[in-house]
Amino acid sequence: MRFLSLKPIFRYAIIIFIIVAFTGIVFSQFMNNYIVLVLVLLTEYIILMMMLHFVFDNYVKPIRKATDTLDELVKGNFRARMHHPVTGSMASLLMKINKLARSLSELSINEKMQAEQLTTVIENIQSGLILIDEKGYIHLVNKNFLSLFGKKEKDYIGYLYYDVLDNEKIHKAIQQTFLYEEKVKDSVIVESDHEQYFEIMGAPIFDEKNILKGAVLVLYDITELKKLESMRKDFVANVSHELKTPITSIRGFSETLLDEDLNDKDTARQFLSIINEESKRLQTLIEDLLSLSKLEKEDSRLELANLHFSELMDEVIPVLKQQAESSGITLKVESVDGLEFKADRSGVKQVMINVLANAINYTPNGGEVTLIAEEQKEYIHLMVKDTGIGIPKESLPRIFERFYRVDKARSRNTGGTGLGLAIVKHIVELHNGKVEVESEVNKGTAFHIYFPKN
Ligand code: ADP
């Protein structure tokens, strides 16, 4: 048994020794010259040992190394290679094993890369994703899905979907995907810290024999879309409401004028002047709506030109001065000489008119409205301050919304459309500028408008 545990080379060496000893015993029967006998045996021993060495080095050793290398490859170590100096058929075997190892290594690198790419895609898509097998066990959930439901991966993987997901709509989408074996679409509201709207897309997964193997469910966040949709609906409702009032009034008074035989010229005149006022209101509203829609167009462009502030004021102030005077308000302009900046002429004019008109409209008789223009490092700062009714703190963040008014009746009485500041904000932002407001109820309001200098 100890013999078997010896290294092969020693085993063969012992066998050769036994053969040589045996031939020595046989030869000694016929040979009397012991020196010749020893020389013959020694030569025989050397030749056999050289043969053994040759066979061992060229066949036994490479085969052993090949077996070891293949063992490593089977274990998945594709970096294993054979290095043994051999020639002939053994060299070709060695080359082929190394080539196989290289191919396997490339294959595994490719597979790894593909798996990594797939994981990157799954983890980075903006939607939540969950993979379920045909028995209903969850196999994969991505990062977005986890952040949506606020649990950990281990809380889902290996569990039945209906045990760990408690949204009925998601259950239904999964069941329908399995039942109809086709794509399913639905929408769901998920309540986390705020309400989120999702579109659910369920798709069945089939194997090559077209047997259902599971389903993948993608939750696509449509909260922003929903918000936009509701804003659009609100906008349409607001516009309809704004149009309804003057139109009802125009229709009512014109019908009265037509139906009744009005001999009273004064009353007829009064009715006609109401109709005139209301149609003016309609016109302003439509003009404001058109301005807004023009500004909101993606390709809305500014015609930038070098503007001289004093020239601009020469065009704007006369219109407003008249309005201020008729309301008993002092309108002042303070500016440094030679103030220039690059901006869209009609845009800046509209901004100034809207803000100054508001200041006059929301300032009681005897008040003061001041426009101050100054040059700052990066911006041209235009400030319009009044001594008017002011804006309550809670309304300040909302005044730039379309149709938002602090006091509806007052705004309507001054001919306001509720769109003036929304237009201002749009124009200023198109210039990459900013608009800020500070106000104190019954003390006054100051609008700060910043236009970039260039
Ligand atoms: P409106 O046509 O109603 O004036 P705006 O969009 O121009 O619409 O302004 C929105 C609301 O902001 C106004 O209805 C008003 O309540 C408030 N507001 C704007 N400017 C002033 C101001 N200078 N002083 C007080 N309130 C103002």
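The values are calculated or read from the model by the stated rules, or taken from the named source; none is laboratory data. This is a predicted model, so every value here is computed, not measured. All Cβ positions, glycine included, derive from the backbone under ideal geometry; neighbour counts span all protein chains shown. SASA here: full protein model, heavy atoms, side chains in, ligands and nucleic acids out. Shrake-Rupley method; radii C 1.70, N 1.55, O 1.52, S 1.80 Å.
Some points to look at:
- Using alpha carbons only: equivalent-ellipsoid semi-axes of region 226-296, gyration tensor based, whole Å: 34, 13, 6
- For the chain, calculated [θ]222 nm from helices alone, where every DSSP H run of n ≥ 4 adds -39500 (n - 2.57): -18000 deg cm²/dmol
- Using the 1.4 Å probe convention, the accessible area of region 226-296 works out to 73 Å² per residue with neighbouring protein chains retained.
- Nitroxide proxy distance, nm - points 7 Å out along Cα→Cβ at Thr267 and Gln126: 6.3
- Over the chain, relative contact order from alpha-carbon pairs under 8 Å, at least 6 apart, %: 8
- Here Lys183 is the anchor, and the lysines within straight C-alpha reach of less than 22 Å, apart from those fewer than 8 places off in the same chain, are Lys135, Lys169, Lys172, Lys209, Lys213.
- Of all accessible heavy-atom area on the chain, the percent that carbon and sulfur account for (1.4 Å): 56
- By average C-beta atoms within 10 angstrom, highest first, the peptides 423-433, 104-114: 423-433, 104-114
- ³J(HN,Hα), Karplus 6.51/-1.76/1.60, whole Hz, each residue of region 298-312, x for Gly, Pro: 4, 8, 4, 10, 9, 9, 6, 8, 6, 9, 9, 4, 5, 5, 4
- The chymotrypsin sites (Phe, Trp or Tyr not before Pro) of region 147-239 that meet both conditions, a loop assignment by DSSP and at most 14 other Cβ atoms within 10 Å of the site Cβ, are Tyr159.
- Share of pairwise Cα separations in region 125-221, more than 22 Å, in percent: 21
- Computed over neighbours whose Cβ is under 12 Å from that of Lys233, the net charge equals +1, Lys and Arg +1, Asp and Glu -1.
- Listed by chain and number, the aspartates and glutamates placed with their C-alpha closer than 20 angstrom to that of Lys332 are Glu311, Asp314, Glu315, Glu340, Glu368, Glu374, Glu375, Asp386, Glu438; residues fewer than eight positions away on the same chain are left out.
- Straight-line cross-link partners of Lys233 among the aspartates and glutamates, defined as a Cα under 15 Å from its Cα and at least 8 positions apart when in the same chain: Glu224, Glu242, Glu401.
- Per-residue HN-Hα couplings for region 374-386 [Karplus 6.51, -1.76, 1.60; θ = phi - 60°; Hz; x = Gly/Pro]: 9, 9, 10, 4, 10, 10, 9, 9, 10, 10, 10, 10, 10
- Across Lys185/Lys294; Lys393/Lys425; Lys61/Lys112; Lys321/Lys408, pairs whose alpha-carbon gap is larger than 30 Å: Lys185/Lys294; Lys61/Lys112
- Amide hydrogen neighbours beyond the local backbone of Lys213, cut-off 5 Å, H modeled: Ile205, Phe206, Asp207
- Loop-resident GluC sites (Glu not before Pro) (DSSP state other than H, G, I, E or B) in region 170-279 with no more than 10 further Cβ atoms inside 10 Å of their Cβ: Glu182, Glu208.
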